[in-house]
Amino acid sequence: MSEDPTATFRVEAGELLEQVEQGLLDLGHRLDDMTLVNAVFRGLHTLKGSGAMFGFDALAAFTHHCESAFDRVRKGEVPATAELVSVILSARDHMAALVEGNAPQAEGDVILARLAAAVDAARGGVGGGGAPVAAQAGWQLFFRLPADAMANGTNPLMLLDELRDLGEAEVRVRTDALPPLGQLVPNECHLGWDVTLRGDITREAIEDVFIFVMDDMTLEIAPLGEELPVDAAPTDGEAVLVAAEPTGGATPTPGGPPAATQPAGENVRVPAERLDALMDRVGELVIAQSRLSQLANNRHDLLLRSVTEDIERLAGELRDTMMVLRMVPVSTLFGRFRRLIHDLARDTGKSIDLRTDGETTEVDKTVIERLFDPLVHIIRNSCDHGLEPPADRIAAGKSETGLVRLSAHQAGGEVLITIVDDGRGIDRERVRAKGEANGLIEPGQVLADEELLGLIFHPGFSTAAQVTNLSGRGVGMDVVKRTIESLRGSISVASEDGKGSTITLRIPLTLAIIEGLLIRVGESRYVIPLSAVEECLELSLEDDLRSRGRSLITLRDRLVPFVRLRELFASGTRPDPHQKIVVVATGRDRVGLVVDQIIGNHQTVIKSLSAFHRGVGSFSGATILGDGNVALILDVAQLVAMAQPKEEMLRAAS
C-alpha cells in the first residue's frame with residue numbers, strides 16, 4: 001500500500017469522533033430521541049471495531065465501555081441523561097487523544113469512574129427495569145435492503161448468516177421487485193427476505209444484525225403467532241413489494257427505461273498538502289502564462305498569439321477549477337463551536353443557545369483553518385463577558401437562555417462572518433476609563449464610537465472585574481485582530497447597551513490567486529484587489545492642483561477622501577498629466593487612490609512578504625509580473641483606515 005494504513009485510520013477515526021460529538025450535542029437537547037441514541041451507538045461500535053483491527057487496543061478497550069453504556073440506553077435499560085451525555089463527550093476527547101497516542105491512563109480511569117456513576121444514577125430513575133424479554137417461541141421478520149446496499153459494501157448473505165447464528169432459521173426470498181432482465185443493474189439489490197427464527201432470542205439481538213443499515217432499509221419484526229404489518233406480510237400469491245427509498249438512483253420500473261445509476265467511488269480522499277502543492281503549480285503556470293502573453297503582444301506573429309490565447313483560457317479554467325477544489329463550506333467551521341458552547345454553558349452556569357446562518361457559504365480551506373482560533377476567542381468572550389447570568393437576564397426582561405448567533409454570507413470577493421450575542425453589551429464608560437488608565441487616550445478626549453470600541457483590540461485590554469480563564473472581552477482580542485489582518489481581512493465591533501454586541505469579520509475568499517487591477521505609480525507597478533474596486537475616474541492636473549489641502553472629491557453628492565499614492569510611496573516623480581482615481585471600498589467606507597496609470601486586469605498569484613517587509617503598512621503581499629518584476633499588492637483596508645480621519649473631520653464639520 002502506498003499510504004500508511006494507520007494514518008488512514010486516524011483520518012477516519014477523526015470523522016467518526018466528529019459524528020459522535022455532533023450526535024451527542026443533538027442528544028443533549030432531545031434526550032428521548034432514540035434515533036440519535038442509535039446513531040451515537042453505531043459510531044462508538046464502528047470506532048471500537050476499527051481500532052481493534054488497526055492495533056489500537058487501548059482505544060478499543062476504552063470505547064467498549066462507552067459503547068456498552070449506550071447499548072443499555074438503546075435497549076431501554078437506562079434513560080439518556082444530561083450527565084451521561086456530558087461524560088461521553090469527555091470520553092470522546094479521551095478517544096481522540098488515544099487515536100493520537102498521547103492519552104494519560106489516569107484520565108481514562110477518571111472518565112470511566114464518572115461513566116459508571118452516571119449509568120448507576122440513570123438506572124436509579126428507571127422503574128420496572130430488567131433484561132429484555134425474549135419471545136417465547138421465536139420471531140418472524142421481513143427485510144429489504146436499499147437498491148445501492150451492495151455497492152456500498154453490504155452483503156445480504158452475511159446478514160442472513162448472522163440471523164442463522166441466533167437460532168433455527170427458515171428463509172424465503174422474495175423476487176417480486178426484480179426488473180426485467182434487460183433493465184437489471186447487476187450491482188443493485190432488489191430482493192426481499194422473509195425469515196422465521198425459533199429460539200430464546202431477544203428483539204434487540206435481531207436489530208443488532210442490521211444496526212449499520214437500519215436507517216435506509218425496510219425491517220419489520222413480530223413474535224411468532226402475531227401478524228406482520230400488512231405491507232410486509234407474505235402472501236400466498238405474488239409477493240407484495242415493500243421497498244425503502246433508495247439512497248442513490250431509483251428502482252427501475254418494469255417496462256420503463258433503465259434507471260440512471262451513479263458509479264461507486266465518486267468521492268476521492270486527497271491529502272490537503274497535495275492540494276496545496278497543486279495550487280502552487282497552478283500559480284506558477286499563471287505567472288508563466290502572463291510572461292508568454294507579454295512576449296506575444298510584442299510580436300506580430302498571429303499563430304503565436306492564437307496559441308497564447310488558448311493557453312490563457314486553459315490556465316484561467318484550471319485556476320477556477322483549482323479554486324473550487326479548495327473551497328469548503330463554513331459549516332465545517334461553525335459545527336465545531338457547538339461543543340464549545342456546550343462546555344461554556346457548563347463552566348459558566350448559563351443557558352446558551354447557538355444558532356447559525358449561511359453555513360453553505362464557501363471559503364478557501366486555508367482561511368477556514370486560520371479562522372478557528374480567532375472565533376474561539378470571540379465566542380468565549382461573548383458567552384462569559386457578554387451574556388448575563390440567568391437571574392440577571394430575567395430581571396432585565398430577557399429570556400433565561402442567552403443567544404449567540406454565527407452567520408456568514410458572501411459579498412463580492414469577501415466573506416462576512418458576524419458573531420452576535422444578545423447580552424449586556426459593551427460598557428463604554430468602563431472602556432473609556434480603562435483606555436485612559438492605560439494611557440491609550442487622553443482624559444476627556446473626543447472619540448467616535450467606532451474608535452472607542454476599537455480600544456478593546458489593544459494588547460492586554462480588558463474591562464473584566466474578575467479575571468478568569470474566560471473573562472474579559474479584551475482577552476485575546478489583540479491576537480484576533482492581528483490574525484484577521486494577516487488574512488488580509490478586517491474586524492469591526494458594534495454594541496448596544498443592554499441588547500448585545502456584534503463583531504463582523506471581513507475575510508477574502510481565497511489567499512492564493514485573485515483578480516487584480518494593475519496600476520502604475522511613478523516608475524513602479526502595484527496591484528489592487530479587484531473585489532475592492534468600485535469605479536475609476538480621471539483626475540486632471542487642474543483638479544489635482546485645485547484639491548490641494550482638501551484631498552476630497554465629490555462623488556454622486558458625497559464627499560470621498562482620496563490618497564495620492566505618489567506622495568505616500570515617495571516615488572520622487574512628477575504626476576502624469578492625466579492621473580486616475582481608483583475608488584476602493586471596505587464595507588461602507590470608501591476612499592480614492594490617485595495613480596498615474598491604470599494598466600488593466602491581472603491574474604495575481606499572491607506571494608507572502610518577507611519577515612523584514614511584513615510590518616510595512618499599506619501592502620498585503622506581492623506578485624510576479626509577466627516580465628519577471630515584482631509588484632506589491634495594496635492593502636485596501638489599511639489605506640481606507642488612513643483616510644478615515646479626514647472623513648471623520650468632514651462629518652464633524654458638517
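The values are calculated or read from the model by the stated rules, or taken from the named source; none is laboratory data. Note that the structure is predicted; figures quoted are calculated from it, not measured. When we count neighbours, we look across all protein chains shown, and the Cβ atoms used for this are built from the backbone with ideal geometry, even at glycine. Each accessible area value is taken on the protein alone, full model and side chains, heavy atoms only, with ligands, DNA and RNA left out. Shrake-Rupley method; radii C 1.70, N 1.55, O 1.52, S 1.80 Å.
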Long-range HN-HN contacts of Val563 with modeled amide H, under 5 Å: Gly592, Leu593, Val594
For region 1-123, the Rg and Dmax computed from alpha carbons only, in angstrom: 14.0, 49
Sequence-distant lysines (8 or more away, or on other chains) whose Cα lies within less than 27 Å of Lys481: Lys365, Lys434, Lys499, Lys607, Lys646
Region 38-105 - Debye-derived log10 I(q)/I(0), Cα point model, q = 0.14, 0.16, 0.19 Å⁻¹: -0.40, -0.51, -0.71
Full-extension gain in nm, Glu450 to Met150, via 0.36 nm per residue minus C-alpha separation: 101.9 nm
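Would region 5-75 count as rounded, prolate or oblate if I go by the C-alpha gyration tensor, calling it rounded below 1.5 in a/c and otherwise prolate when a/b exceeds b/c, oblate otherwise?
Numbers: a/c = 3.05, a/b = 1.69, b/c = 1.80.
In terms of gyration-tensor shape, oblate.
Can you bin region 334-374 into rounded, prolate or oblate? Criterion: square roots of the alpha carbon gyration tensor eigenvalues sorted a ≥ b ≥ c, rounded for a/c under 1.5, prolate for a/b above b/c, oblate for the rest.
Oblate, since a/c reaches 1.5 and b/c is not below a/b.
Take the Cβ-Cβ distance between Asn438 and Thr196 as r, set R0 to 56 Å, and report the resulting FRET efficiency rounded to the nearest 0.05. It would help to have the intermediate numbers written out before the result.
On the way: r = 81 Å, r/R0 = 1.44.
Calculated value: 0.10.
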Distance (nanometres) between label positions extended 7 Å along Cα→Cβ at Val630 and Ala570: 1.8
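Asp26 to Glu496: extension gain in nm, 0.36 nm per residue of separation minus the Cα-Cα distance? Walk me through the intermediate numbers first.
Details: separation 470, 0.36 × 470 = 169.20 nm, distance 3.17 nm.
Value of the extension gain: 166.0 nm.
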Backbone HN-Hα couplings from phi across region 281-297 [Karplus 6.51/-1.76/1.60, Hz, Gly and Pro as x]: 5, 4, x, 5, 5, 5, 5, 4, 5, 5, 5, 5, 4, 5, 5, 5, 5
Solvent-accessible area of Cys189 with every protein chain in place, 1.4 Å probe, in Å² to the nearest 10: 10
Potential lengthening between Glu317 and Ala97 on full extension [0.36 nm per residue; Cα-Cα distance subtracted]: 75.0 nm
Solvent exposure ordering (accessible area, 1.4 Å, most first) of Asp148, Asp4: Asp4, Asp148
Cut-off 19 Å, label 7 Å out along Cα→Cβ of Glu12, residues of region 56-70 by amide N: 56-64
Hz values of 3J(HN,Hα) by residue in region 449-458 - Karplus curve (6.51, -1.76, 1.60), Gly and Pro given as x: 4, 5, 5, 5, 5, x, 5, 5, 8, 7
Where labels lie 7 Å past Cα in the beta-carbon direction, separation of Asp310 and Ser540 in nm: 4.9
Among (i) 59, 36, 21; (ii) 40, 35, 30; (iii) 45, 36, 26, the entry that matches semi-axes √(5λ) of the Cα gyration tensor in Å as calculated here: (i)
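Counting only heavy atoms of the protein chains, get the accessible area per residue of the chain (1.4 Å probe) and round it to a whole Å² value.
That works out to 51 Å² for each residue.
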Point-charge dipole on Cβ atoms (K/R +1, D/E -1) for the chain, about Cα centre, debye to 20: 2820
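Kindly provide the trypsin sites (Lys or Arg not before Pro) of region 1-73 that DSSP labels as loop, not H, G, I, E or B, and whose Cβ sees at most 15 other Cβ atoms within 10 Å. List each step's numbers first, then the result.
Working: sites: Arg10, Arg30, Arg42, Lys48, Arg72; in loops: Arg30.
Hits after loop and neighbour filter: Arg30.
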Förster radius 60 Å - calculated FRET efficiency between Leu275 and Glu227 (Cβ-Cβ, nearest 0.05): 0.60
Quarter of Cα convex hull surface for region 165-207, i.e. mean projection, nm²: 4.0
Most to least accessible of Thr218, Thr554 (protein chains only, probe 1.4 Å): Thr554, Thr218
Longest exposed-site-free window of the chain, the sites being GluC sites (Glu not before Pro) in a DSSP loop that have at most 13 other C-beta atoms within 10 Å: 4-225
Cβ-derived FRET efficiency at R0 35 Å, Asp427 paired with Asp357, nearest 0.05: 0.80
Pairwise label distance in nanometres, Leu184 with Asp109, each label 7 Å out on the Cα-Cβ vector: 6.1
5 angstrom amide H check on Ile426, placed H, neighbours 5+ away: Glu496
D_trans [Stokes-Einstein, Kirkwood Rh over alpha-carbon pairs] for region 329-463, 10 °C, 1.306 mPa s, µm² s⁻¹: 96
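From the protein chains alone at 1.4 Å, what is the descending order of accessible area for Asp596, Asp449, largest first?
On the way: Asp596 5, Asp449 75 Å².
Greatest to least solvent exposure: Asp449, Asp596.
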³J(HN,Hα) computed for each position of region 196-211 - Karplus, 6.51 cos²θ - 1.76 cosθ + 1.60, integer Hz, glycine/proline x: 10, 10, 10, x, 7, 10, 8, 4, 4, 5, 5, 5, 4, 4, 9, 4
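What Kirkwood hydrodynamic radius do you get for region 129-211 when you take the inverse of the mean 1/r over all pairs of distinct Cα atoms, in Å?
Values: mean 1/r = 0.0708 Å⁻¹.
Answer for region 129-211: a Kirkwood hydrodynamic radius of 14.1 Å.
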Charge dipole (region 293-424, unit charges on Cβ, about Cα centre) - positive-most of Leu314, Met327, Leu302: Met327
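Nearest 500 deg cm²/dmol is fine: what mean residue ellipticity at 222 nm does the chain get from its DSSP H runs of n ≥ 4 alone, each adding -39,500 (n - 2.57), divided by its residue count?
Numbers: 19 runs with 263 residues, N = 654.
Rounded to the nearest 500, the figure is -13000 deg cm²/dmol.
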